[in-house]
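The values are calculated or read from the model by the stated rules, or taken from the named source; none is laboratory data. Keep in mind it's a predicted model, so treat the numbers as computed, not measured. Here the Cβ positions follow ideal geometry from the backbone for every residue, glycine too, while neighbour counts run over all protein chains shown. Surface areas here come from the heavy atoms of the whole protein model, side chains and all, with no ligands, DNA or RNA. Shrake-Rupley method; radii C 1.70, N 1.55, O 1.52, S 1.80 Å.
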Amino acid sequence: MIRSGGKESSINKAIQDLAKCDVAGLRGDSRDAVAELRDIVDRIARIRRGEIRIVAAGAVASMKSTTLALLLGRRSVLRVGLGPVTAAPTELRLLQGDEAAGPGSVQMLTETEAAGRARELLGLGVDDTRTLAELATVEHRNQPILAGMLHSAELFGFGTRHDLDTFLAACEKAGGDRIGGLGAPLIQRIAIDVPVPAEVWDLSWARGRAVTLVDLPGTGEGRALENLFRDRQQELAHIALNIVAVTGGSAFTPPVLRGSPNCVFVATKIDRVEQPEHPNEVRAIEEAVAECLAEWRIGSRRARVAAVSGMWAFADEASWLEFDPENLGWPEARAKREAWAAAGWGDPGATAGEFRAAVEAALTDGGARRLREVIEELADPGDARIDELEEQRLLARADELIGQVLAGDTAPVTGDVVVLLDRSEKDPEPVYDLRRVAEECAVTAIYDCPDWETIRRSFRADGSLRVPLEEVRAVLAAIDLGEIAGAAIRDATAEMDEVLRDWAQPYLDAVGADAKRLSGTRVEPTAGDPAGRFVELSRGLFRVLTDSRRVDLGDGRAPAPSSFTFQQVARVRDELALLLARMIIERLKPATELARTEVHSALNKPVVRDTTPTVQRQLSQVRASLRRMVVRSAAT
């Protein structure tokens, strides 16, 4: 049950004190810390209101993702990435609204939590005191998962929190979006705030409590980590959505259920049942569903039935493919819809009509409306739980952030600057970016020229020219190489200006400087006209290309096919792109060097942070309020 009293007043006071903080006088890193602190305090307040937790579990290929997408009316929310994401629970924190989904965050296990997970995977007791590194040497079928945990810790650290997009980018940079071949077993949870429009699902039934839908990875034989997630999450759940593909009739395995949540048997792939018009097939499926319900209805636990067919929720194939372009088979599903409409139902059936009502609801709108109604029926807002573990983690992080701001904004930053000076001196990123930008802009400018297609059409399929060589020379001569080079240089200059400022800002944040004040690419360019030089060199390449292919056949005919081909033209085009890229690099290299010099100059200026006493006092009050919550947690 939800507790009220002192903690609520403490968090409300923390919110009020934070709202008064004027961060304008703080340094960049301190402003970022206060911004994160505000987000954390808001999340703590949400946790304190209580949470109704719905856990969705299903075997691999059970159409779980499609079911949740229909439930929320937001297909794109569930496309949170492959690899590391698929091996960890994803918490979709439902909010009433029409906005886009939040960016998402990834929380890693602490070292203690990681060792605890390792012990569970190895089947060891809590009295085993070995570290994760030591446990990872134990011979066991799950040992590769522990190796993956160690690899993840090297990349991301223990107990850290990351933006989801940044996390996925880091995984890809590390060599692919799967870590250790097993996803990211060090992930504690992934969280995404998901606004749900009221016209799709009115959440007023929750009576102001938070509603969290946990999307679990696919479970099954041999999937130890995923099965562990399922067991732990179901123990915390109010409602368990057990999603089962019933295409095999009664051959499906009853889902495993842990804890004491109310349950929903969600039948999927009903549009793939072979002969629903035959009473025996329908009876076999319904009896198997009834066995699951009987097994789950123990004590006060309740269990209901829903059925979902994504393809039945849309009026035409085009609408379905827009919603889920990866799942084909629309005509077959629609044909099965007609067969189910004439299903051979027994009266009242093994489920006393529940399975029939679920299928008939799916025939109407795909089944999403009934699934929402069943969830609302089984939910008890008065029994909303408080996520104590997450609350404790957030309180600890908030205290850490406040400590950083109070200490960092009153102390010299010399030590940090020395590290940053050395790091910026060795940082190869500006050089890599200059090469990348130059190549991209050069290739785009050269290859986008339409004259290459004109030249290509001058050749027959066998490689011989359709037209006299002089016509090809005329097309080459008409290419405005000066404009092409000028446009590429302008585009590269504008992009590098932004790239250099983005690179410099994290270094300058340490001393409160703004990268917008850097000279950037406004530095005086090197002498000479690069576009003019490019034109001159390019014309030389064209002359070599065409003049060396002039073969006097005596009758005015074009050269033989082997003497002049479009492949040779294409090679010259490639050489032009490389030549232009080198000239862009030469042109912008001084700006890159100047940016590094200006960063060094800014870091070398003596800086002492000086937070105003008012902000210090307000943050101290916030810390006191939050620490009172920690004390009360320990007492209870």
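Among the residues of the range 23-41, are any modelled with pLDDT of 80 or more and open to solvent by 10 Å² or more (accessible area, probe 1.4 Å)?
yes
Pairs, please: C-beta under 6 Å, at least 6 apart or cross-chain, first residue within 18 Å of residue 62 (Cα to Cα) and in the range 324-340, second open to solvent by 60 Å² or more (accessible area, probe 1.4 Å)?
Going by the 6 Å Cβ cut-off, the qualifying pairs are 330/317.
Would you pick out the residues in the range 289-301 that are modelled with pLDDT of 85 or more, more than 24 Å from residue 335 (Cβ to Cβ) and surrounded by 15 or more Cβ atoms within 10 Å (Cβ to Cβ)? Working first, answer last.
Within the range 289-301, the subset modelled with pLDDT of 85 or more is 289-297.
Going one step further and asking which of them are more than 24 Å from residue 335 (Cβ to Cβ), we end up with 290-297.
Once the filter is applied, which keeps residues that are modelled with pLDDT of 85 or more, more than 24 Å from residue 335 (Cβ to Cβ) and surrounded by 15 or more Cβ atoms within 10 Å (Cβ to Cβ), the range 289-301 yields 290, 292, 293, 296.
I'd like the residue in the range 305-331 that is among the acidic types (Asp, Glu) and within 16 Å of residue 366 (Cβ to Cβ) and, out of all such residues, is most open to solvent (accessible area, probe 1.4 Å).
Taking the range 305-331 as the starting set, the residues that turn out to be among the acidic types (Asp, Glu) are 316-317, 322, 324, 326.
Those left that are additionally within 16 Å of residue 366 (Cβ to Cβ): 316-317, 322, 324.
Working: 316: 67, 317: 74, 322: 155, 324: 1 Å².
Step by step, filter the range 305-331, then rank; the result is 322.
In the range 231-251, which residue that is on the phi < 0 side of the Ramachandran plot, outside any strand (DSSP E or B) and open to solvent by less than 30 Å² (accessible area, probe 1.4 Å) is modelled with the lowest pLDDT?
Initially, the range 231-251 is screened for residues on the phi < 0 side of the Ramachandran plot, giving 231-248, 250-251.
In the following step, the residues that additionally are outside any strand (DSSP E or B) were identified as 231-238, 246-248, 250-251.
Next cut, open to solvent by less than 30 Å² (accessible area, probe 1.4 Å) only: 231, 233-234, 237-238, 246.
Working: 231: 74, 233: 75, 234: 71, 237: 77, 238: 84, 246: 85.
Here the residue is 234.
Run down 499, 535 and say which single residue is open to solvent by 20 Å² or more (accessible area, probe 1.4 Å), at pLDDT 85 or above, under 38 Å from the mean Cα position of the chain (by Cα) and aliphatic (A, V, I, L, M). If you could, list the steps in order and put the result at the bottom.
Numbers: 535 fails: under 38 Å from the mean Cα position of the chain (by Cα).
Among 499, 535, only 499 is open to solvent by 20 Å² or more (accessible area, probe 1.4 Å), at pLDDT 85 or above, under 38 Å from the mean Cα position of the chain (by Cα) and aliphatic (A, V, I, L, M).
Mind listing whichever residues of the range 478-514 are among the aliphatic types (A, V, I, L, M), part of a helix (DSSP H, G or I) and more than 14 Å from residue 429 (Cα to Cα)?
Initial filter on the range 478-514 (among the aliphatic types (A, V, I, L, M)): 478-479, 481, 484-485, 487-489, 492, 494, 496, 499-500, 504, 508, 510-511, 513.
Filter once more, keeping what is part of a helix (DSSP H, G or I): 478, 481, 484-485, 487-489, 492, 494, 496, 499-500, 504, 508, 510-511.
Once the filter is applied, which keeps residues that are among the aliphatic types (A, V, I, L, M), part of a helix (DSSP H, G or I) and more than 14 Å from residue 429 (Cα to Cα), the range 478-514 yields 478, 481, 484, 485, 487, 488, 489, 492, 494, 508, 510, 511.
Whether any residue in the range 475-495 is modelled with pLDDT under 80, of a type in the set (Ser, Thr, Tyr) and either over 18 Å from residue 587 (Cα atoms) or under 36 Å from the mean Cα position of the chain (by Cα) (or both) is what I want to check. If you could, list the steps in order and put the result at the bottom.
Going through the range 475-495, the residues modelled with pLDDT under 80 turn out to be none.
So far as the range 475-495 goes, no, none of its residues is modelled with pLDDT under 80, of a type in the set (Ser, Thr, Tyr) and either over 18 Å from residue 587 (Cα atoms) or under 36 Å from the mean Cα position of the chain (by Cα) (or both).
Please enumerate the residues belonging to the range 137-154 that are under 31 Å from the mean Cα position of the chain (by Cα) and either surrounded by fewer than 20 Cβ atoms within 10 Å (Cβ to Cβ) or in a strand (DSSP E or B) (or both). Step through it out loud before you land on a result.
Taking the range 137-154 and keeping what is under 31 Å from the mean Cα position of the chain (by Cα), we get 141-154.
Once the filter is applied, which keeps residues that are under 31 Å from the mean Cα position of the chain (by Cα) and either surrounded by fewer than 20 Cβ atoms within 10 Å (Cβ to Cβ) or in a strand (DSSP E or B) (or both), the range 137-154 yields 141, 142, 143, 144, 147, 150, 151, 153, 154.
Regarding the range 628-636, can at least one residue be identified that is open to solvent by 50 Å² or more (accessible area, probe 1.4 Å), modelled with pLDDT of 70 or more, assigned to a helix (DSSP H, G or I) and touching a helix residue (DSSP H, G or I) at 6+ places or on another chain (Cβ under 6 Å)? Break it down stepwise before answering.
Restricting attention to the range 628-636, the residues satisfying the condition of being open to solvent by 50 Å² or more (accessible area, probe 1.4 Å) are 628, 630-632, 634-636.
Narrowing further to those that are modelled with pLDDT of 70 or more: 628.
Imposing the further condition that a residue be assigned to a helix (DSSP H, G or I) reduces the set to 628.
Then drop every residue that is not touching a helix residue (DSSP H, G or I) at 6+ places or on another chain (Cβ under 6 Å), which leaves 628.
Within the range 628-636 (the criterion being open to solvent by 50 Å² or more (accessible area, probe 1.4 Å), modelled with pLDDT of 70 or more, assigned to a helix (DSSP H, G or I) and touching a helix residue (DSSP H, G or I) at 6+ places or on another chain (Cβ under 6 Å)), the answer is yes, since at least one residue qualifies.
Please work out which one of (1) surrounded by 18 or more Cβ atoms within 10 Å (Cβ to Cβ); (2) at pLDDT 80 or above; (3) polar (S, T, N, Q) is the condition residue 546 fails and give its number.
(2)
Return the pairs, sorted by first residue and then second, in which the second residue is assigned to a helix (DSSP H, G or I) and of a type in the set (S, T, N, Q), the first residue lies in the range 434-452 and is open to solvent by less than 70 Å² (accessible area, probe 1.4 Å) and at pLDDT below 90, the beta carbons are less than 6 Å apart, and the residues are 6+ apart or on different chains.
434/592
Quick check: is even one residue across the range 287-304 hydrophobic (A, V, I, L, M, F, W, C) and either within 19 Å of residue 365 (Cβ to Cβ) or under 32 Å from the mean Cα position of the chain (by Cα) (or both)?
no
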